[in-house]
Amino acid sequence: MKALVKTEAGPGLKLQDVKEPEVGHNDVLIKIHKTAICGTDIHIWKWDEWAAKTIPVGMHVGHEYVGEIVAMGQEVRGFNIGDRVSGEGHITCGYCRNCRAGRRHLCRNTFGVGVNRPGAFAELLSIPAFNAFKIPDNIRDDLASIFDPFGNATHTALAFNLVGEDVLITGAGPIGIMAAAIARHVGARFVVVTDVNDYRLELAKKMGAHRAVNVTREKLKDVMTELGMVEGFDVGLEMSGVPTAFTTMLEHMNHGGKVALLGIPPANTAIDWNQVIFKGLEIKGIYGREMFETWYKMVAMLQSGLNLDPILTHHFPVKDYVEGFETMLSGKSGKVILNWA
Ligand code: NAD
Ligand code: ZN
């Protein structure tokens, strides 16, 4: 089968033939329809320090996808051949304390599809049936292929109650933009998104942000005054991984505010702890998606009118994957979808 393989220790990926995956007793085999390119895939493409120490050379990558089940192991229950599925990319151990308590997203033995084991940028993907998630008929393939990052946005945005709250989102990457749409959908009062990239800020507005702020030109304080916000933001969602964005967020939180951290800052990033202590802030780290509460919430939000269409900005047949990756690298895109079928 064809797959996008890291053929050598350096930038890029190559579309080439690889061995078809094996299907264990508890696995499902998925014929891939569509995949999406994640920020992680961009790190792998560029072959940065993290990728070089994490990704085995010779492996094919990718973890955002939708497809259909074409085979399954003899122990699999609850799925049928032909089911349209996406899947949770974190494969958990099932025996640690958190797994046994149903908190699979906190498993300390997590393996990543397309990171620590072969991925979804391929004609076929084999995963444990436990990780597969059935997609209802009224959710089309394009949207189903981005459930992984949509799940990061959902997990983060729903970490705290947003109803009637003023929400600050730092970072208008695909995940930050989807979080803005979710915050709006569930009833936040003001949703303010910051970035340094005008293309993405425009997209954030299209997706429902009340105000998109380019921090190279505008001050958050002035935006708050303009909106009539006297005290500060009630909830902050950090989705850039940029230390100054986090610092600015802390400065503009109201006392008693709640902050969810998804963006991954450089190790040993320092902050002004006085902001946290004297304001009595609550800070929560977010990893992955809750299995499978986040997935059910995603479906429910789409079925209750959440519109993510503007984030799907580019579509390419997989043979044009280089153009797809270059589009993502340009910063002038939302999600980039590759069609395999
Ligand atoms: P992305 O890189 O596409 O988005 C980050 C955005 O931050 C970019 O648009 C960038 O222009 C913007 N930015 C840069 N400087 C800024 C500043 N000073 N203020 C505000 N914004 C600024 O990333 P993404 O794919 O949307 O993911 C968002 C973050 O979440 C990344 O840090 C990623 O590594 C992380 N992530 C974490 C998890 C997890 O499980 N915790 C999962 C997926 C992604
Ligand atoms: Zn575990």
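The values are calculated or read from the model by the stated rules, or taken from the named source; none is laboratory data. All values reported here derive from a predicted model rather than from experimental measurement. Glycine gets a Cβ as well: all are built from the backbone with ideal geometry, and neighbour counts include every protein chain shown.
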Of all the residues that make up region 24-60, how many are buried (at least 18 other Cβ atoms within 10 Å of the Cβ) and either in contact with a His (Cβ under 9 Å, 6 or more places away or on another chain) or among the aliphatic types (A, V, I, L, M) (or both)? 15
Strands (runs of 3 or more DSSP E) wholly inside region 208-283 containing at least 2 residues that are more than 24 Å from the chain's Cα centre (by Cα): 253-261
Here are some residues: Arg103, Arg97, Arg84, Arg77. Which one is basic (Lys, Arg), exposed (fewer than 15 other Cβ atoms within 10 Å of the Cβ) and within 23 Å of the chain's Cα centre (by Cα)? Arg103
Looking at Arg84 and the list (1) in contact with an Asp or Glu (Cβ under 6 Å, 6 or more places away or on another chain); (2) within 16 Å of ligand 2 (Cβ to nearest atom), which single condition is not satisfied? (2)
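Residue-by-condition table, conditions (1) of a type in the set (A, V, I, L, M, F, W, C); (2) touching a helix residue (DSSP H, G or I) at 6+ places or on another chain (Cβ under 8 Å); (3) within 18 Å of Phe150 (Cα to Cα):
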position	(1), (2), (3)
Ala183	yes, yes, yes
Arg189	no, no, no
Tyr199	no, no, no
Met207	yes, yes, yes
Ala212	yes, yes, no
Thr216	no, no, no
Val223	yes, no, no
Gly228	no, no, no
Asp234	no, no, no
Scanning region 222-281 residue by residue, the ones that are within 14 Å of ligand 1 (Cβ to nearest atom) and among the charged types (D, E, K, R) total 2
Just for region 326-341: of the residues that are more than 17 Å from the chain's Cα centre (by Cα) and at pLDDT 95 or above, which one is nearest to Leu124 (Cα to Cα)? Trp340
The conditions are (1) away from ligand 2 (no atom under 16 Å from the Cβ); (2) without any contact (Cβ under 8 Å) to a residue 24 or more places away in the chain; (3) out of contact with any strand residue (DSSP E or B) (no Cβ under 9 Å at 6 or more places or on another chain); (4) of a type outside the set (A, V, I, L, M, F, W, C), and Gln74 fails exactly one of them. Which is it? (2)
